[in-house]
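Note sheet for the following structure.
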Amino acid sequence: MSKQIWKPGTLLNPVPVVMVTSKDGKKENVFTVAWTGTICSDPAMTYISVRKERYSYDIIKNSGRFCINLVNEELAYATDYCGVRSGKDENKFNAMHLETENATNFDCPILKKSPVVLECEVTEIKELGSHDMFIAKILSVDIDEKYMDENGRFDMQKCNLIAYSHGEYYKLGEKIGKFGYSVKKK
């Protein structure tokens, strides 16, 4: 099999797509981020990478806080819209009829329809080039109770989460295994 060799690029795909909410005094916003992920489990930490010219950049930098709202198929249209429109020009919460409630740990809107919300506090900002990385400690994970199973356990399959891959959105598919299944004794 032959492979083409390309210049360095960001083809690590698919990636999670999320809607990030933030608030700094009177300004609040929601925008879409596809560059996010887990960076540590103890303490629980995450990151988002944001261009300096994005409206939310200064809101997050000034407040030191943000919420990562996981998105599902029901929020796909709003997710795309909030990624191509700017909070400088309009209130995207209103434009997309996004109902909110307040985060538990600080003053910030979270999306009611999001199945999972990570409430985050910035610990470091790394200037990297086109994007700056906001490294954050996860203060809490808010889970919508409708995604709990009959045994009181969270059922991620029920969420219908979406992912982003090279300019397109995809529904996550069926489960094909679970951690450790390749070495489980039969």
So, in nm, how far is label His97 from label Lys52 when the simple model puts each one 7 Å beyond its Cα toward the Cβ?
4.0
How much net charge surrounds Ile162 when only other residues with a Cβ under 9 Å from its Cβ are counted (Lys, Arg +1; Asp, Glu -1)?
0
Under the Karplus relation with 6.51, -1.76 and 1.60 and θ = phi - 60°, whole-Hz ³J(HN,Hα) for region 106-111, x at Gly and Pro, equal 6, 7, 7, x, 10, 7
Could you work out the relative contact order of the chain, using alpha carbon pairs under 8 angstrom and six or more residues apart, expressed as a whole percent?
23
Taking the Cα centroid of region 28-76 and of region 109-186, what is the distance between the two, rounded to the nearest whole Å?
12
Listed highest first by mean packing, meaning other Cβ atoms within 10 Å per residue, what order do 117-128, 91-102, 6-17 come in?
117-128, 91-102, 6-17
List the lysines whose Cα sits under 29 Å from the Cα of Lys3, skipping any in the same chain fewer than 8 residues away.
Lys171
Applying the Karplus parametrisation 6.51 cos²θ - 1.76 cosθ + 1.60 with θ = phi - 60° to the phi angles of region 46-52, what ³J(HN,Hα) value in whole Hz is obtained for each residue in order, glycine and proline being reported as x?
9, 8, 9, 10, 9, 6, 4
Can you list the lysines whose alpha carbon is less than 21 Å from that of Lys185, not counting same-chain residues fewer than 8 positions off?
Lys175
Would you compute, from DSSP H runs of 4+ residues alone, the mean residue ellipticity of the chain at 222 nm, taking -39500 (n - 2.57) per run and dividing by the full residue count, rounded to the nearest 500?
-3000 deg cm²/dmol
Provide, in order from the shortest bin, the percent of all Cα-Cα pairs of region 118-181 in each 10 Å bin, continuing until the bin that contains the maximum pair distance.
15, 26, 39, 18, 1
Label region 15-171 by shape, choosing from rounded, prolate and oblate, from the square roots a ≥ b ≥ c of the eigenvalues of the Cα gyration tensor; if a/c is under 1.5 it is rounded, and otherwise prolate applies when a/b is larger than b/c, oblate when it is not.
rounded
Once the dipole of the chain is set up with Lys and Arg at +1 and Asp and Glu at -1 on Cβ about the Cα centre, which of Thr38, Gly129, Tyr181 lies farthest towards its positive end?
Tyr181
Step through the residues of region 67-73 one at a time and calculate ³J(HN,Hα) from phi using the Karplus curve (6.51 cos²θ - 1.76 cosθ + 1.60, θ = phi - 60°), rounding each to whole Hz and writing x for Gly and Pro.
10, 9, 9, 5, 10, 10, 4
Treating only the Cβ of Lys, Arg, Asp and Glu as charged (+1, +1, -1, -1), what charge dipole size does the chain show about its Cα centre? Round to the nearest 20 debye.
740
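Readers should treat all values here as calculations from the given coordinates under stated rules, not as data from a laboratory. Since the model is a prediction, treat every value here as computed from it, not as a measurement. Backbone-built Cβ (ideal geometry, glycine too); neighbour counts: all protein chains shown.
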